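Participant: Structure incoming, see below.
Derivation of every value follows stated rules applied to the coordinates shown; laboratory data play no part. Owing to the predicted nature of the structure, the values given are computational and were not obtained by experimental measurement. Here the Cβ is made from the backbone with ideal geometry for all residues, glycine too, and neighbour counts use every protein chain on show.
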Amino acid sequence: MEHIKNIDVNYKNNKRYKTAKYPIRQPLYLAGLIRLLSGILLMNKKKKVEKINMEGLKPPYMILSNHMSFIDFELTALGTNMKRVNNVVNIDGYYRRPWLLTWIGAICTRKFTTDMHLVKSIRKVLQRGDILCMYPEARYSPAGITSYLPDSLGMLVKMNKVPVVAVVHRGNHLHTPAWNFNNKRKVPLHTTMTQIITAEETKTLSADDINRRIKEELSYDEYKYQKDNGILITEPYRAEGLHKILYKCPCCKTESKMASEGAEIFCRECGKRWTLLENGDLKANEGVTEFCRVPDWFEWERYEVRAEVERGEYSFVDKVDVHSMPRCWNFEALGEATLTHNANEGFVLRGHYNGKDYLIARAPLQTNSLHVEYNFPHIKPFDCVDISTENDSFYCYPTKENVVTKLALATEEIYKIKLKAAREKCMRKD
Ligand SMILES: [Zn+2]
């Protein structure tokens with residue numbers, strides 16, 4: 001594997017936001033205020049927060065939650081009910097308001113990077129006797145099913161020896177899908193808060209056992225939840241934006257020519273159309289229905305990408321418009337650059353700024369997933385990907401149409417393939 005050396009951007013102001021610092025201990029009045037505000041924000045929503053195996057459990061403990069939309073934070077606050085909670089938050093959550101996130105005791109990190117201080121901050125929170133809340137999928141679930149969960153969780157739990165609570169939200173993706181977060185739908189929300197590992201078990205179970213249990217307990221499927229509960233989504237715009245994740249036509253196999261309108265998704269190449277029914281099923285308007293479930297179509301795309309990688313045919317190159325975030329107060333417009341992605345080198349971003357070239361490389365094993373934003377509201381409302389290093393984040397807007405979901409799937413599949421190969425190599429050495 002080739003190793004490419006990074007060349008930093010030649011900023012006029014080279015100061016960075018310092019993520020390597022401990023969060024403050026949340027004052028109790030603030031925990032109460034957050035509980036109150038969450039209650040008000042959720043007032044008009046049909047919701048239930050159910051606690052399982054939680055009797056007598058007092059902090060410190062670690063919450064691992066699935067992640068679908070901002071409502072996740074509010075629902076978790078109802079569950080923790082005025083207890084002190086420190087959340088792990090990505091740096092773009094700090095945009096223009098680092099004081100606010102610092103004040104509520106959030107722990108800042110950059111997505112999909114190796115952040116050694118994060119481990120120390122987590123330990124600090126738990127040693128103070130408080131609740132640590134993290135979203136290990138690290139991004140909103142694109143298709144309402146479990147995303148990648150890192151294997152480092154098992155060790156993290158064993159190191160800290162505190163109980164683990166799984167918070168699983170149901171309905172949040174159906175209510176606010178990542179691919180159309182501006183148009184909410186009426187959906188009953190059901191959150192369960194379950195103690196899945198006791199303090200005693202963190203000592204007796206192996207890291208692998210812990211990982212297995214976490215994966216089992218954090219698995220979810222929004223479309224199954226919809227079916228099981230007979231939820232009808234009657235909003236006429238319910239399929240708008242769906243083409244952002246269902247980017248490949250299962251009929252003619254063309255990519256990036258899908259579009260959506262109202263309750264329909266269609267291919268601009270072959271003309272085939274599907275309707276997203278009120279019960280969450282997909283149905284071809286004419287002819288065979290290739291996939292009647294959104295997650296099945298999405299996972300088929302993943303297999304297609306994986307096969308492309310395995311055949312050695314996967315490669316991406318595009319001109320991108322780059323906005324970086326070395327600090328929290330503003331994005332720096334770096335202008336046009338070239339982004340390439342392939343199985344050998346991972347991501348390489350090459351650009352020129354302030355009289356000097358820069359190069360940002362992320363090898364396949366450095367990043368197990370990719371941070372994707374659909375209609376990112378902070379810079380300009382289009383799709384982009386964020387390539388982060390340990391001290392900077394690069395939001396790249398592709399020129400090509402509708403390519404960000406495929407980039408994310410390719411990142412995850414390349415990571416899995418490389419990890420497996422690296423482990424096999426290790427075992428051969430043993
Ligand atoms: Zn087609």
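Participant: Kirkwood hydrodynamic radius of region 132-288 from all distinct Cα pairs, in Å?
Facilitator: Mean inverse Cα-Cα distance, inverted, gives 17.6 Å.
Participant: Return the lysines within reach of Lys416: Cα separation strictly under 19 angstrom, same-chain partners fewer than 8 residues apart disregarded; answer none if there are no such residues.
Facilitator: Counting by Cα, and skipping residues close in sequence, Lys416 has these lysines nearby: Lys111, Lys215, Lys406, Lys425.
Participant: Checking the cross-link filter: which aspartates and glutamates have an alpha carbon closer than 19 Å to that of Lys418, excluding same-chain neighbours under 8 positions apart?
Facilitator: Counting by Cα, and skipping residues close in sequence, Lys418 has these aspartates and glutamates nearby: Glu2, Asp151, Glu304, Glu308, Glu310, Glu313, Glu345, Asp430.
Participant: Once you charge only the Cβ atoms, +1 for Lys and Arg and -1 for Asp and Glu, what is the size of the charge dipole of the chain about its Cα centre, to the nearest 20 debye? Don't skip to the end; give the middle numbers.
Facilitator: Details: 65 positive and 53 negative charges, 331 e Å.
My answer is approximately 1580 debye.
Participant: How large is the translational diffusion coefficient of region 28-228 in µm² per second when you combine the Kirkwood radius over alpha carbon pairs with Stokes-Einstein at 10 °C and 1.306 mPa s?
Facilitator: For these conditions, the coefficient is 92 µm²/s.
Participant: Something else now. Taking the alpha-carbon distance from Lys356 and a cut-off under 13 Å, which aspartates and glutamates remain once sequence neighbours fewer than 8 residues away in the same chain are dropped?
Facilitator: Candidates past the 8-residue exclusion: Asp8.
Participant: Let me ask you something else. Extension gain Leu37-Asn10, at 0.36 nm per residue separation less the Cα-Cα distance, in nm?
Facilitator: Once the chain is fully extended between Leu37 and Asn10, it gains 5.5 nm.
Participant: Over the chain, what is the relative contact order in percent, taking alpha-carbon pairs closer than 8 angstrom and at least six residues apart?
Facilitator: Computed over the chain, the figure is 17 percent.
Participant: Oh, and also: Along Cα→Cβ, 7 Å out, is where each label goes; now give me the distance between the ones at Met427 and Lys227 in nm to one decimal.
Facilitator: Result for the modelled spin labels: 3.4 nm.
Participant: With the Cα gyration tensor of the chain in hand, convert its eigenvalues to equivalent ellipsoid semi-axes via √(5λ) and list them largest first in whole Å.
Facilitator: Its equivalent ellipsoid spans semi-axes of 32, 29, 22 Å.
Participant: In addition: Nothing charged except the Cβ atoms of Lys and Arg (+1) and of Asp and Glu (-1): what's the magnitude of the dipole of region 199-247 about its Cα centre? Round to the nearest 20 debye.
Facilitator: That gives region 199-247 a dipole magnitude of about 200 debye.
Participant: So how long is each side of region 246-310 along the principal axes, counting just the alpha-carbon atoms, biggest first, in Å?
Facilitator: Largest to smallest, the principal-axis extents are 37, 24, 20 Å.
Participant: Okay, next question. What FRET efficiency comes out for the pair Ser152/Lys420, r = Cβ-Cβ distance, R0 = 22 Å, nearest 0.05? Before the final figure, lay out each step's value.
Facilitator: Numbers: r = 16 Å, r/R0 = 0.75.
My answer for the efficiency is 0.85.
Participant: Of the options Leu153, Tyr140, Thr202, report the single residue whose Cα projects farthest towards the positive end of the charge dipole of region 105-224 (beta-carbon charges: Lys, Arg +1; Asp, Glu -1).
Facilitator: Tyr140
Participant: Right, something else. Let me know the shape class of region 333-418, please: from the alpha-carbon gyration tensor, a ≥ b ≥ c as square roots of the eigenvalues, rounded when a/c is under 1.5, otherwise prolate if a/b is greater than b/c, or oblate. Before the final figure, lay out the partial values.
Facilitator: Numbers: a/c = 1.82, a/b = 1.19, b/c = 1.54.
Oblate, because a/c is 1.5 or more while a/b does not exceed b/c.
Participant: Here is a follow-up. Antiparallel versus total DSSP beta bridges in the chain: what percent is that, nearest 5?
Facilitator: 75 percent
Participant: How large is ³J(HN,Hα), in whole Hz, for each residue of region 244-258 in order, when computed from phi with the Karplus curve 6.51 cos²θ - 1.76 cosθ + 1.60 and θ = phi - 60°, using x for Gly and Pro?
Facilitator: 5, 9, 9, 8, 10, 6, x, 8, 9, 6, 6, 9, 6, 10, 7
Participant: Same structure again: Taking 8 Å as the Cα distance limit and 6 or more residues as the minimum spacing, I'd like the relative contact order of region 72-196 as a percentage.
Facilitator: Rounded, it is 22 percent for region 72-196.
Participant: Quick one: order Met155, Met116, Met325 by neighbouring beta-carbon count within 10 Å, fewest to most. Present the calculation step by step, with values, prior to reporting the outcome.
Facilitator: Values: Met155 13, Met116 8, Met325 24.
Sorted ascending by nearby Cβ count, the order is Met116, Met155, Met325.
Participant: Now for a separate question. Which distance in Å, rounded to a whole number, links the C-alpha centroids of region 12-34 and region 409-430?
Facilitator: 36 Å
Participant: A further question follows. Listed here are the pairs Lys227/Lys283; Lys21/Lys161; Lys319/Lys400; Lys244/Lys272; Lys158/Lys420; Lys47/Lys227; which of them are more than 19 Å apart at the Cα?
Facilitator: Violating the 19 Å limit, Cα to Cα: Lys21/Lys161; Lys158/Lys420.
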